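Down below is the structure, laid out as structure tokens.
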Amino acid sequence: MSPAHARLLTPTPEVLAAELAGFGAASGEAPARARADSFVAVRIGGLSSAGAAALAATMHTEGGQVVAGEDRGEALVLGTRAQFAALVQALRATGSAEAAQALDDLFAALDRPTPPLQLGRYTLPLGRRTLVMGILNMTPDSFSGDGLDFGVDAAVARAQAMEAAGADVLDVGGMSTRPGAEEITESEELRRVVPLIERLAREVDLPLSVDTYRAAVADAALAAGAVIVNDITGLGAEPELAGVAARRGAALILMHIKGSPRTMQDDPQYADLMGEIIAYLRAGCDRAVAAGVPRDHLWIDPGIGFGKTIDHNLEILRRLGELRSLGLPVLVGTSRKGFLGRILGGRPPQERVAATGATVAVSIAHGADIVRVHDVGPAVDVARVADAIMRGLDRS
């Protein structure tokens, strides 16, 4: 059995009612209590039967609510932060360390500030404001209609325009990952991205990311001047990519995907959407750290549109704050995606800029640290206003 682990839940009546129903319990008073500012809802997994029983008995004495599935090593715990603090202390006093450690780890992650990240000569002000990552697609078949079809000069010009518009990072991709996309060869992917990254490293003063899940492509891109690797498979395709990032001192973005780009939209289904996403990302982060990547070099991405229906995408955005359970910067990429077009009655990618802005604002309100977009200027404006509201930043 894996070690006990805990994750935050979004304490809305709908989420809590569904969680309680999953444990075979009635909703009771939990949804009403969720309106209290100090109320916290946590789901703990990986418990022994004895650990689940001890947790239930102890939390009841502290005045909180526990629904334990002892046969499956899980528990839903509802209470205030003060009650959780008392619960941890009481569990440790009685020698029931399983749940106590999981809760300690969770609240440490939730309370840990996000520090700025130093990558080579660049300092990324994570934790201070939302970063905007501009997308450069060196593909002829990008879903968004912005593919540059191998034109390095055109890509450099677009990158410079993004820099002028306020981008913080540029993400270079050489293989389309749109739904139904087929893989290209490794040599072709290298041909598309490496010459551009070499040029950008000389002509644009921004940190560069390479969007790839191949270790060899990542290694070549990092040697050419990139400092970040954006892996849409979360190390699911080539786990050795983590070793490349560690050796090169690069940041590593781990995304959740269900299936592959070719198959991911073939009726994706989840028993527990956020739980499965967080478990997948936690496993990827553990693999990365084991390979030598510093934990403060990891970012996570829930993978909007990658093996998700419209309803899944919207639920992720509503519950984005649950990703804080991992204590890592959160990247969100909704830009021009198909679910926005369908919500808007079939609009093409180029007419989804305002809709993207809405998702950027919501993402920032729910804790996103980085937003990945095609249209940098509008996203920078949205981020500035959202940061002024949510972070209290003075933008005058």
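The values are calculated or read from the model by the stated rules, or taken from the named source; none is laboratory data. Just so we're clear, the structure is a prediction, and the values are computed from it rather than from any experiment. So basically every Cβ, Gly included, is an ideal-geometry build from the backbone, and we count neighbours across all protein chains shown. The accessibility values were calculated without ligands, DNA or RNA, using every heavy atom of the protein model including side chains. Shrake-Rupley method; radii C 1.70, N 1.55, O 1.52, S 1.80 Å.
Below, the figures for the structure above:
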read-out	value
For the chain: accessible area per residue (Å², 1.4 Å)	40
Accessible-area composition of segment 346-396, carbon plus sulfur, in percent [1.4 Å probe]	56
Calculated FRET value between Asp266 and Glu14, using beta carbons and R₀ = 25 Å, to 0.05	0.35
Modelled label reach - Ala365, point 7 Å along Cα→Cβ, segment 287-317 residues with backbone N closer than 17 Å	314-317
Full-stretch length increase - Ala279, Asp381 - with 0.36 nm per residue and alpha-carbon distance subtracted	33.4 nm
0 to 90° range, to nearest 10: angle between helix 81-93 axis and the chain longest Cα axis	70
Segments 189-200, 87-98 sorted - mean Cβ within 10 Å per residue, highest first	189-200, 87-98
Alpha carbon centroid spacing (whole Å) that separates segment 330-376 from segment 258-306	20
0 to 90° range, to nearest 10: angle between helix 152-165 axis and the chain longest Cα axis	50
Simple label model, 7 Å out from Cα along Cβ direction - Leu314 to Phe23, nm	2.8
Positive-end residue of Ala85, Gln350, Gly46, charge dipole of the chain with Cβ unit charges	Ala85
³J(HN,Hα), Karplus 6.51/-1.76/1.60, whole Hz, each residue of segment 270-277, x for Gly, Pro	9, 7, 8, 3, 5, x, 5, 5
Which of Leu323, Gly305, Val293, positive extreme of dipole for segment 268-333 (C-beta unit charges)	Val293
Dipole in debye (nearest 20) - the chain, about Cα centre, beta carbon charges: Lys, Arg +1; Asp, Glu -1	680
Surface share of carbon and sulfur [accessible, 1.4 angstrom probe, percent] for segment 56-193	50
Difference of contour (0.36 nm per residue) and Cα-Cα distance, Arg191 to Arg112	24.4 nm
Chain lengthening between Tyr122 and Asp286 when straightened (0.36 nm per residue, less Cα-Cα)	56.5 nm
For the chain, calculated [θ]222 nm from helices alone, where every DSSP H run of n ≥ 4 adds -39500 (n - 2.57)	-13000 deg cm²/dmol
Compactness relative to 2.2 N^0.38 Å, alpha carbon Rg of segment 294-392	1.05
Cα centre as origin, Lys/Arg/Asp/Glu Cβ charges: segment 249-312 dipole, Debye	220
Percent accessible area from carbon and sulfur atoms, segment 210-318, protein chains only, probe 1.4 Å	50
Highest average packing first - 57-66, 119-128, Cβ atoms within 10 Å	57-66, 119-128
Sequence ranges 329-342, 288-301, ranked by mean other-Cβ count within 10 angstrom, highest first	329-342, 288-301
Tilt relative to the chain, helix 97-111 - C-alpha long axis, 0 to 90 degrees, to 10	40
Percent RCO, i.e. relative contact order, over the chain, from Cα pairs under 8 Å lying at least 6 residues apart	14
